[in-house]
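Enquirer: Here's a structure for you.
Read the figures in this text as sums done on the coordinates, not as results from a lab. Please read all numbers here as calculations on a predicted model, not as lab measurements. Every residue, glycine among them, receives a Cβ derived from its backbone with ideal geometry; neighbour counts consider all protein chains shown.
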Amino acid sequence: MAERPKEPERDRQINQTTPAPREGQLAQAPQPAEPTQRPGVGVPRRSWRDLAEERILAAREQGHFDNLQGAGQPLQRDESALAGEKALAYHLLKNNDMAPPEIERGQEIDRALRRTDELLATLRHHRDTLLARKRSLASDRRAYNVLRDKTERRYAAELRAINSNILSLNIIAPPALHRKLIAVDARLRAFADEFPRLAE
């Protein structure tokens, strides 16, 4: 009598777990148990988590985590009450030496205000230098008046541009960062009072 060939282990498990069909039912194809190995490969399946853990352990053993900046110190937490839902975006901008649009707009306004102060300081210096002389020539007074008129036009244009930037800042920024508009007419009157035209 010929010996029956041995069943592979997997087929034996399937045959043992598959119930016999009842009378009047069709036999269902046996359902294989969940394989613990990839087909054709003798290595058990590994999850991504296991792979990541192995790589972290290998890197630790090789000393890749030694002497890291801030090792053994608490993490720096950049929590701002004003950030709200934008906290992560602000954190990314900060780490890349950038600022949120509202902060950049505010810095632009501050630079423009400094430029207007420099305009006034330059004109003030010219006026004081001219008035400090015992006698001034008509051509010097005429040159001062030309400079004064040019500075006044530039000053007015700068103030209006600043107000435009303040309006756009107040649209995009949270209320805590809002700024008041500049009273352009009042500043121009103060300019005219401080820098009257000189008689030529």
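Enquirer: Fewest Cβ neighbours within 10 Å first, please rank 152, 54 accordingly.
Expert: Ordered from fewest to most neighbouring Cβ atoms within 10 Å, 152, 54 come out as 54, 152.
Enquirer: Here's something else I'd like to know. Sort 195, 65 so the one with the fewest other Cβ atoms within 10 Å of its own Cβ comes first.
Expert: The order, fewest Cβ neighbours first, is 65, 195.
Enquirer: I've got another one for you. Is any residue of the range 148-163 close enough, with backbone N under 14 Å, to a label point placed 7 angstrom from the Cα of residue 112 along the Cα-Cβ axis, and if so, which?
Expert: Backbone N within reach: 154-163.
Enquirer: Okay, next question. Checking the a/c ratio against 1.5 first, then a/b against b/c, what shape does the Cα gyration tensor give for the range 101-194?
Expert: Verdict is prolate for the range 101-194.
Enquirer: A further question follows. What FRET efficiency do you get for residue 184 and residue 97 if R0 is 30 Å and r is their Cβ-Cβ distance, rounded to the nearest 0.05?
Expert: With R0 = 30 Å, the Cβ-Cβ based efficiency is 0.30.
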